[in-house]
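Here is the structure we will look at, set down as structure tokens.
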Amino acid sequence: MSAQGPVTDVVAIGCGPFNLGLAALASTVDDLGVVVLEARPELRWHSGMMFGDALLQVSFLADLVTLVDPTHPLSFLAYLRDADRLYPFYVRERFHPTRREYEDYLRWAASRLPVRFSHDVTSVRWEGDRFAVSGPGFSVDARHLVLGVGTTPSVPPALAGLGDRLVHSSDYLHRSTSAERVTVVGSGQSGAEIVLDLLRRNLDGGPAVTWLTRTPVFAPLDYTKLVLEMTTPSYVRHFHSLPQDRRDALRAEHWRHYRAISSETLEELHDLLYRREWEHGLAPVELRPGVTVVSSSVSGSEVVLECAHRDTGRTFQHHTDLVVAATGYVQAPTPFLEPLEPFIHRDAQGRYVVALDHSISLDPSITGRVFVANADLHSHGVAAPDLGIGAVRNATIVNAVTGREVYPLPKHTAYTSFSAPEDEGQPRDAGHPGDDVD
């Protein structure tokens, strides 16, 4: 389309669960058009970590739509019904689908939505009354944008330069890890699942395994019920109301929400370690928390890691053949936004200034709006990457774009009252404790 052609309401760049959920919610709104553009030829969801027995870490209720519209035709239960698996899922009596099943659900939904694969966006320009979104062989005009490009693997400088001796966790199942000594750097769920896989191989005569992490312990995810209320809209509203320096301080305290390990995985790890007690001739296994990798190099046929023990300050060398970096992700770059950069407001650290409705602050000359999906951890807190907030965020965007309450947003979402009383000594006279009150 050209600047003189039809204009869609929203172009969503990137086809992850969040933008797919936006398209799903929009699909039942007659006067709202959403097009999703995805550079890849098909939907892939963490394929490098798609272990056969891996479970989603949230309930099936955290699908694309259910937490704002449980009757929606693109819910996870509708997917199960379409696949004739409702009764097997019911008898299974587990709230958490497998990751393979969740990816299949996403593919099922994408096949029913206006998703254009192999559409690599290279430029976004403001053309006076619309955004012109273009790439090789296509152009789409839109009144508003939603950025959902996701994240990209992060490798710290201390591990740079190892070449093919380094594998990021995101690529683990796509790369050969047949070395005799494998070292996993970084904990969190991804690191733990990789160590779990390596321990199983170790028990079958496989490689020596070392696990190094900066955290003081191999800590469990804090999924206790009242703590989980920090992933609700109630806490999102409270977090967003705080000054940015306070938000940043709180984020540093919340690492156990997204950089720790499920209790079930920790139990499996310990079971495998215990099984080694009565086996003989196995390659060694070593677990060391509280260790920082300071630098790395390749020396002859091996990798040498220079390490520091954080409690004692002692330094030591660790020798291995292959390093798996379970070192997380950073926001994916958005070079296509270069034409808009002069109009985008950023904070002192170069991050988007994000409103409560997930729109970023722009120069007043741009009358269209740009929203972000999962690029708002600094502004909306620990819930930002959580699948359980996706439907609410997307409903918020739908309401903002249409200018009306298409989807009523949940108000009673937590028992905890996160904010101070508005009037000291004056009891709240409406709603439940922890409710969102406008």
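The values are calculated or read from the model by the stated rules, or taken from the named source; none is laboratory data. Here the structure is a predicted model, which is why all the values come from computation and not from measurement. Because the Cβ atoms are built from the backbone with ideal geometry, glycine has one as well, and the counts that use them run over all protein chains shown. Just so you know, the surface numbers come from the protein's heavy atoms only, side chains and all, with ligands and any DNA or RNA stripped out. Shrake-Rupley method; radii C 1.70, N 1.55, O 1.52, S 1.80 Å.
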* Asked: So for the pair residue 214, residue 363, with labels modelled 7 Å out along Cα→Cβ, what separation do we get in nm?
  -> 3.7
* Asked: If you average 1/r over all unlike Cα pairs in the range 104-150 and invert the result, what Kirkwood radius do you get in angstrom?
  -> 12.3
* For the range 310-354, would you read off the P(r) tail past 12 Å as a percentage of all alpha carbon pairs? => 80
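With +1 on the Cβ of every Lys and Arg and -1 on the Cβ of every Asp and Glu, and nothing else charged, how large is the dipole of the range 1-95 about its Cα centre, in debye rounded to the nearest 20? Please list the in-between numbers first.
On the way: 6 positive and 11 negative charges, 67 e Å.
That gives the range 1-95 a dipole magnitude of about 320 debye.
Starting from the Kirkwood Rh over alpha-carbon pairs, what translational D in µm² s⁻¹ does the range 77-212 have by Stokes-Einstein at 37 °C and 0.692 mPa s? If you can, show how the numbers build up before the last one.
Working: Rh = 19.7 Å.
My calculation gives 167 µm²/s for D.
Two decimals is fine: what's Rg over Rh for the chain, C-alpha atoms, Kirkwood radius as Rh? Spell out each step's value before the answer.
Details: Rg = 23.5 Å, Rh = 23.8 Å.
For the chain, the value is 0.99.
Can you give me the convex hull volume of the Cα atoms of the range 33-124, divided per residue and expressed in Å³?
Numbers: hull volume 11.9 nm³, N = 92.
Given the Cα convex hull of the range 33-124, per-residue volume reads 129 Å³.
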* Kirkwood Rh, the range 272-334, all Cα pairs: how many Å? -> 14.6
* Asked: When the chain is fully extended, how far beyond the present Cα-Cα distance does residue 242 get from residue 227, taking 0.36 nm per residue of separation?
  -> 3.5 nm
* Quick one: pull the percent of accessible area on the range 19-146 belonging to carbon and sulfur, 1.4 Å probe, ligands and nucleic acids left out. => 51
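Which sequence of 61, 162 reflects their accessible areas, 1.4 Å probe, from the largest down? Numbers along the way, then the final one.
Working: 61 65, 162 5 Å².
From most accessible down to least: 61, 162.
Where in the range 172-255 are there GluC sites (Glu not before Pro) that are in a DSSP coil and have at most 12 other Cβ atoms within 10 angstrom of their Cβ? Don't jump to the answer; show the numbers that get you there.
Numbers: sites: 180, 193, 229, 253; in loops: 180.
When the GluC sites (Glu not before Pro) of the range 172-255 are filtered for loop state and at most 12 Cβ neighbours within 10 Å, 180 remain.
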* To do: For the range 152-278, just say rounded, prolate or oblate: build the C-alpha gyration tensor, square-root its eigenvalues into a ≥ b ≥ c, call rounded for a/c under 1.5, and beyond that prolate if a/b exceeds b/c, oblate if not.
  => oblate
* To do: Mind pulling up the Rg/Rh value for the range 357-420? Radius of gyration and Kirkwood radius, both on Cα.
  => 1.00
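Taking 2.2 N^0.38 Å as the expected size of a compact globular protein, what ratio does the Cα radius of gyration of the range 285-408 give against it, to two decimals?
Values: Rg = 22.0 Å, N = 124, 2.2 N^0.38 = 13.7 Å.
With N residues counted in the range 285-408, Rg over 2.2 N^0.38 Å equals 1.60.
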* Set the Förster radius R0 to 22 Å, insert the Cβ-Cβ distance between residue 280 and residue 178 as r into 1/(1 + (r/R0)^6), and round the FRET efficiency to 0.05. => 0.45
* Structure fact -> Check: C-alpha center the range 33-89 vs C-alpha center the range 226-265, spacing in Å is 24
